[in-house]
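See below for the structure under consideration.
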Amino acid sequence: FAASEAVQLFIDRVRAVRQDYVLTAEEAHAVVAIVRHLDGIPLAIELGAARMGVLTPAKLLQRLPRRFEVLGGGQRDAASRHSTLRGAIDWSWNLLQPWEKSALAQCSVFKGGFMMEAAEEIIDLNDFPGPPWVLDVIQALRDKSLLRSYEPAGLPGELRFGLYESIAEYASEKLTGMGRSDAAHHRHAEFYVRMGEGEAEKIEGPDGIKTMRFLALESENLMAIHKRALFGS
């Protein structure tokens, strides 16, 4: 793990503020967790490492739920738009077309990733002329590195999408600001309840194992729906 590029970048940047820093076995777990929560994004790692002049890795990790505050300092000589994590995401956001902003904000309702079919059902772009095709917009966001795509384990030939943690938090704030959070969460719940019921009927069939793997992939989306129904968030 210590040889990974993300961890090595963190260590190198820590040495800019603590020249004698050596990664110890006791701190290794926290450092790996930090770079994982920061999605390996170089800017976020550099900003986190800059905090190591006043924090230990464990204490930095504890503060990452408030990442936009914690990673708000940056290097003094950094360009203004890259001086904070929020500033960098703001810059990318401002380059998006209005329908891309709407789609990215709506993607924040997904937990643990999503398939294209879910995006096509849940993302509503009917406010825009056309309206834009969701597939095209998802591809544009993927090409701009605001969404990631990957092949899920156990389901070869499938493609899944997800938001980086920092972007997911930012996009969720934007969705709330647009006043569209409740409607998007309602569509999310309707789709996954319907999907879950349909897939559950297949568990006893010949594709039962594949169905179980698919439902496991969607467990975070299903749990988010139950949590929202119970607690309203």
Out of these labelled values of P(r) over Cα pairs in 10 Å bins from 0, in percent, (i) 7, 28, 30, 24, 10, 2, 0; (ii) 7, 26, 34, 21, 9, 3, 0; (iii) 9, 34, 35, 19, 4, 0, which was calculated from the coordinates shown here? (i)
Portion, in percent, of the accessible area of the chain that falls on carbon or sulfur, probe 1.4 Å: 53 percent
With all protein chains present, calculate the accessible area of L141 using a 1.4 Å probe and round the result to the nearest 10 Å². 0 Å²
Nearest 500 deg cm²/dmol is fine: what mean residue ellipticity at 222 nm does the chain get from its DSSP H runs of n ≥ 4 alone, each adding -39,500 (n - 2.57), divided by its residue count? -17500 deg cm²/dmol
With a 1.4 Å probe and all protein chains left in place, how much accessible area per residue does the chain have, in Å²? 56 Å²
Nitroxide proxy distance, nm - points 7 Å out along Cα→Cβ at E220 and E117: 2.0 nm
Calculate how large, on average over all directions, the projected area of the Cα convex hull of the stretch 99-233 is; give the answer in nm² to one decimal. 8.5 nm²
Checking L95, L215, L104 against a Gaussian network model of the chain (alpha-carbon springs below 10 Å), the top fluctuating residue turns out to be L95
Candidates I209, I11, I41: whichever shows maximal mean-square fluctuation once the chain is modelled as a Gaussian network with Cα springs under 10 Å: I209
With the label point 7 Å along the Cα-to-beta-carbon line of I209 and a cut-off under 20 Å to each amide N, the hits in the stretch 138-155 are 152-155
Please go through the stretch 15-49 and write out the trypsin sites (Lys or Arg not before Pro) that DSSP classes as loop and that have at most 15 other C-beta atoms within 10 Å. R15, R18
Longest DSSP-loop-exposure-free segment, GluC sites (Glu not before Pro), the chain, at most 11 other Cβ within 10 Å: 1-200
In the structure shown, of K174/K227; K174/K210; K111/K144, the pairs separated by more than 29 angstrom at the C-alpha atoms are K174/K210
I'd like the projected area of the stretch 96-164, averaged over all directions, using the convex hull of its alpha carbons. Report it in nm² with one decimal. 4.6 nm²
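The values are calculated or read from the model by the stated rules, or taken from the named source; none is laboratory data. All figures in this text were calculated on a predicted structure; none of them were measured in a lab. Quick reminder, even Gly has a Cβ in these numbers, built from the backbone with ideal geometry, and neighbours come from all protein chains shown. Remember, those area values only see protein heavy atoms, side chains included, never the ligands or the DNA or RNA. Shrake-Rupley method; radii C 1.70, N 1.55, O 1.52, S 1.80 Å.
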